[in-house]
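This report refers to the structure that appears directly beneath it.
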Amino acid sequence: MEIFQVVGLAVVSVVVLLVIRRHRPEMAVLLALVVGLVIFFMVAQRLLAVLEFLRDLAARAGVDSLYLNIILKIVGIAYITEIGAQVCRDAQETSVAAKVELAGKLLILVLAVPIVMAIVEAVLRVL
């Protein structure tokens with residue numbers, strides 16, 4: 001199972017990070033970033049399968065691909081924002097982490113406008 005590989009890599013990385021952080025804190029942040037990227041690429045293949053399944057499901061349901069693409073972009077922004085904020089927190093930059101989270105929320109709000117408009121239009125047609 002892949003989760004054992006992910007957890008094993010994470011545990012080994014944490015031990016190494018604890019040692020490195022005492023002597024070279026700047027290197028610890030870079031190592032944490034690299035480990036995060038490695039873990040992401042370890043599970044990326046599974047993510048592609050999920051995306052393909054969602055596209056197939058949306059096509060069968062007759063959902064406009066525009067809306068599915070927007071939702072997928074929103075999910076991507078949420079994950080990237082979380083990763084970026086955690087990296088900032090690892091570097092003891094909580095203020096920057098808060099700004100990254102705010103930017104992510106604002107970008108999600110902007111992307112959600114067409115979906116909200118479609119829902120409002122559908123409700124108005126029903127009424």
- [ ] Please report, in debye to the nearest 20, how large the charge dipole of segment 1-75 is about its Cα centre when each Lys and Arg carries +1 at its beta carbon and each Asp and Glu carries -1 there.
- [x] 260 debye
- [ ] Evaluate the Debye formula for the chain with equal point scatterers sitting on the alpha carbons, no solvent, and hand back log10 of I(q)/I(0) at q = 0.10, 0.12, 0.19 Å⁻¹, in q order, two decimals.
- [x] -0.49, -0.65, -1.13
Open item on the list: As an exercise, use a Förster radius of 30 Å and the Cβ-Cβ distance of Ile108 and Arg46 to find the FRET efficiency, rounded to the nearest 0.05.
Closed with: 0.80
Task: Peptide ranges 2-9, 29-36 listed from the most packed, as the mean C-beta count within 10 angstrom indicates - done: 29-36, 2-9
TODO: Report, to the nearest 10°, how far helix 2-23 tilts away from the longest principal axis of the Cα atoms in the chain, using its own Cα long axis and a range of 0 to 90°.
DONE: 50 degrees
TODO: Using the Cα centre as the reference, give the magnitude of the dipole from point charges on the C-beta atoms of segment 64-127 (Lys, Arg: +1; Asp, Glu: -1; all else neutral), rounded to the nearest 20 debye.
DONE: 120 debye
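Magnitude of the Cβ-charge dipole of the chain, K/R +1 and D/E -1, about the Cα centre, nearest 20 debye?
My answer is approximately 160 debye.
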TODO: Using a cut-off of under 13 Å, list every residue of segment 103-127 whose amide N is near the label point 7 Å from the Cα of Val63 along the Cα-to-beta-carbon line.
DONE: 115
Open item on the list: Can you compute the FRET efficiency between Val19 and Arg89 using 1/(1 + (r/R0)^6), with r the Cβ-Cβ distance and R0 = 25 Å? Round to the nearest 0.05.
Closed with: 0.80
Task: Positive dipole terminus of the chain, leading residue within Leu72, Val87, Phe40 (C-beta point charges) - done: Val87
Task: Share of Cα-Cα pairs in segment 64-127 lying beyond 19 Å, as whole percent - done: 44 percent
Task: Rg in Å to one decimal, and Dmax rounded to a whole Å, for segment 1-62 via C-alpha atoms - done: 17.1, 57
- [ ] Quote to one decimal, in nm, the extra length available between Leu127 and Met27 on full extension: 0.36 nm per residue of separation minus the C-alpha distance between them.
- [x] 30.0 nm
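None of the figures in this text is laboratory data; all of them are computed from the coordinates on show. Please read these numbers as outputs of a predicted model, since none were measured by experiment. Note that we place each Cβ from the backbone using ideal geometry, even for glycine, and neighbour counts take in every protein chain shown.
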